[in-house]
Amino acid sequence: MAPDNLTPTIIPRAEHPISRSSISPGALKVLYRLHNANYRACLVGGGVRDLMLGREPKDFDVATDASPDEVRALFRNCRLIGRRFRLAHVRFGNEIVEVATFRGSATDADDANGDDAGRILRDNTWGTIEEDAVRRDFTVNALFYDIADFTVHDFVGGIEHLRAGTLQLIGDPGRRYREDPVRMLRAARFAAKLGFRLHPDTEGPIAELRHLLADIPPARLFEETLKLFLGGFAVQAYEHLRHLRLFEILFPDTEQSLAVEENHFPRTLLLRALEGTDQRVAEGKPVTPAFLFAALLWEPVRVRAQQLTAEALPELVALQQATDEVLSRQLSRVSIPKRFSLPMRDIFMLQARFAMRRGKRPLRLLAHPRFRAAYDFLVLRAAAGEVEQALADWWTELQETDGPGQEILIESAPADADGGAPKRKRRRRRRRKPAGDGDGAGTEAPG
Ligand code: ATP
Ligand code: MG
């Protein structure tokens, strides 16, 4: 492809909604400093797309004809980073503006940059703005806002697709997915985030090519999973992923448990969790990957733990072993850093302790650092019909009442599921217990 002769559609300032007041101060400074040094400087990617749609962009990316070294020479607060390509990060307080030099199209004739599967391995040759446009993924992601005259440049029909609400890959979709299979996930993500329809040509090849995602490094799929499910459109993303049959590539055990089980619990638990996540994002509340992965992996863990319990393993041990098994398979697809998988494991293990409501155990559990997340998860299970609502309500009350109220609740609780805590005279306890909150069963994983 020789894109140098592409004539862009140029939209003058009066005919598009992007105003400088909606661009972050950092991005504006970068654009102006490049411009004043006689470089071409444009806002690109999701920032332009979102501003065109009247949405608030997550971040701002800048594209320029200055080389990374030239960018660095202009900004003291600049760091060159490079994984797949060299980029400049310019920092203003909390804000980081990503500045990328126009890149040549790596899909050029000789394929020198691709591997046998057509995947891009090296992607670091500078190019023209036209080339930079066509190597981007979707047409709506390839618009340039030029700080020189505040025009928007469209080389690939992105404006029209923005208006129509369609997501369309630039170039031959099959080839673009082979170059980078993660684009299939990005298709699901942008369709969900923007409420756009996938163009049939863009959707079509996914059925045949989705297996290529299995070769993507799990760490990259972890990043994509977070973007899919923690961006405030998790329910939509999930529906798109299921529809495109990409979900089963990311979470094969979960997919299997959804398919095999005839009861309707699993779907509702996961869907409710995703709904809750979206709601929290909408309210500006924090969301944690640990809770997300707990929701995503609970069903296969629960099913496996049930089998193990039927083989006479104690409940906690069964849960633990089931978690180990499911997690080790899962990590070969989507990695989950320990800082998230350990709290996820806690959320699972604590589920087995909610049934034990007599004696000292409830107040110990209440003081567990992961109690809140585990309790939220219990509420989810109750809402999905997986445990008695009365059990979740009991724990809600226990948190809301004072010391004497707690004693009454605990004394009138049904006998523990494990046969009941030994009946002995109640002592007053401190509410918080220091380190080591094991319940004495000796079955919980350390840490
Ligand atoms: P978000 O709202 O999630 O930030 P975004 O469109 O800005 O969406 P980024 O992942 O931040 O997405 O990437 C910025 C831009 O870089 C994209 O808009 C697209 O033009 C280009 N890009 C990113 N990833 C790819 C890819 N895998 N293949 C081709 N182009 C890509
Ligand atoms: Mg972005």
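Structure data summary
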quantity: Residue ID - farthest from THR309 (Cα to Cα), chosen from residues in segment 349-384 that are of a type in the set (A, V, I, L, M) and not in a helix (DSSP H, G or I); calculated: ALA367
quantity: Among the candidates GLN320, GLN351, residue that is farther than 30 Å from LEU185 by Cα, touching a Ser or Thr at 6+ places or on another chain (Cβ under 8 Å) and touching a residue at least 24 places away in the same chain (Cβ under 8 Å); calculated: GLN320
quantity: Residue satisfying all of: in segment 148-169; of a type in the set (A, V, I, L, M, F, W, C) and buried (at least 22 other Cβ atoms within 10 Å of the Cβ); nearest to the chain's Cα centre (by Cα) among these; calculated: LEU167
quantity: Test: HIS243 is over 29 Å from VAL287 (Cβ atoms), at pLDDT 95 or above, out of contact with any helix residue (DSSP H, G or I) (no Cβ under 6 Å at 6 or more places or on another chain) and not polar (S, T, N, Q); calculated: no
quantity: ARG33 assigned by TED's automatic domain parsing to the domain that holds ILE159, closer than 23 Å to ARG86 by Cβ and not in a loop (DSSP other than H, G, I, E, B); calculated: yes
quantity: Helices (runs of 4 or more DSSP H) enclosed by segment 163-249 - at least 1 residues per element that are hydroxyl-bearing (Ser, Thr, Tyr) and not assigned by TED's automatic domain parsing to the domain that holds PHE138; calculated: 173-179, 200-203, 218-229, 234-243
quantity: Residue within segment 254-262 that is part of a loop (DSSP other than H, G, I, E, B), crowded, with 21+ Cβ neighbours inside 10 Å and under 17 Å from the mean Cα position of the chain (by Cα) present; calculated: no
quantity: Residue tally, condition touching a Leu at 6+ places or on another chain (Cβ under 9 Å) and open to solvent by 10 Å² or more (accessible area, probe 1.4 Å), over segment 50-62; calculated: 7
quantity: Residue list for segment 221-240, restricted to those being within 16 Å of ligand 1 (Cβ to nearest atom) and over 11 Å from the mean Cα position of the chain (by Cα); calculated: GLN236, HIS240
quantity: LEU53 being more than 16 Å from ligand 2 (Cβ to nearest atom) and modelled with pLDDT of 95 or more; calculated: no
quantity: In segment 62-95, the residues that are farther than 17 Å from GLY127 by Cα, within 16 Å of ligand 1 (Cβ to nearest atom) and free of Cβ contacts under 8 Å to residues at least 60 places away in the same chain; calculated: ILE81, GLY82, ARG83, HIS89
quantity: Qualifying helices (runs of 4 or more DSSP H) (wholly inside segment 265-340; at least 2 residues being over 25 Å from LYS227 (Cα atoms) and among the hydrophobic types (A, V, I, L, M, F, W, C)); calculated: 289-310, 315-330
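The values are calculated or read from the model by the stated rules, or taken from the named source; none is laboratory data. Worth saying up front: this structure is predicted, and the values here are computed from it rather than measured. Virtual Cβ from ideal backbone geometry, glycine too; neighbours counted across all protein chains shown. Keep in mind that these areas ignore ligands, DNA and RNA; they rest on the heavy atoms of the full protein, side chains included. Shrake-Rupley method; radii C 1.70, N 1.55, O 1.52, S 1.80 Å.
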